Amino acid sequence: MFSALKWWGRPHLWFVFLMRRLRPDPNSPLVRLSFIHFARWTVVKRIPHNEGQPPEKLRYKHLFFESNFNGGWEEYIDAFSHILTDGMTKLWGSSYGFPKPLPTAPFKDY
């Protein structure tokens, strides 16, 4: 997933990841999700040189997220929506258009 970062996004992400390195949490929600085997976040500043095409500088820096998981897509999305809400906000809150984690079930009016 690519998301365009706000002007303060890169320093914010640097700080978030620094805190994670200095204070690792073996009980963090992401670690407890056994079906996620790999997750990586990268800040992309430019598109590298391709054959016959010069490198392209992007107008905004982008956050690139990729992961490896076992299981169904619905299980993966539900886990992020229910379990990783704080982490999602800390990471993607620095991106344009981030709507905050949305509920995965319809709202019930009592």
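Scanning region 57-100 for residues that are of a type in the set (K, R) and within 15 Å of the chain's Cα centre (by Cα) yields K61, K90, K100.
Among the residues of region 27-53, the ones that are open to solvent by less than 100 Å² (accessible area, probe 1.4 Å), under 24 Å from G71 (Cβ atoms) and assigned to a loop (DSSP other than H, G, I, E, B) come to 4 in all.
Look at (1) more than 13 Å from A4 (Cα to Cα); (2) open to solvent by 50 Å² or more (accessible area, probe 1.4 Å); (3) part of a strand (DSSP E or B); (4) without any contact (Cβ under 8 Å) to a residue 60 or more places away in the chain and you find that R59 fails only one, number (1). Which members of region 1-26 meet the condition of being open to solvent by 50 Å² or more (accessible area, probe 1.4 Å) and in contact with a helix residue (DSSP H, G or I) (Cβ under 8 Å, 6 or more places away or on another chain)? The answer is D25, and nothing else. For region 62-78, the set of residues classified as at negative phi and in a loop (DSSP other than H, G, I, E, B) consists of N70, G72, listed by residue number.
The values are calculated or read from the model by the stated rules, or taken from the named source; none is laboratory data. Bear in mind that the values here come from a model prediction, so they are computed numbers and not experimental data. Cβ: placed from backbone, ideal geometry, glycine included. Neighbour counts: every protein chain shown. The area values use the complete protein model at the heavy-atom level, side chains included, leaving out ligands, DNA and RNA. Shrake-Rupley method; radii C 1.70, N 1.55, O 1.52, S 1.80 Å.
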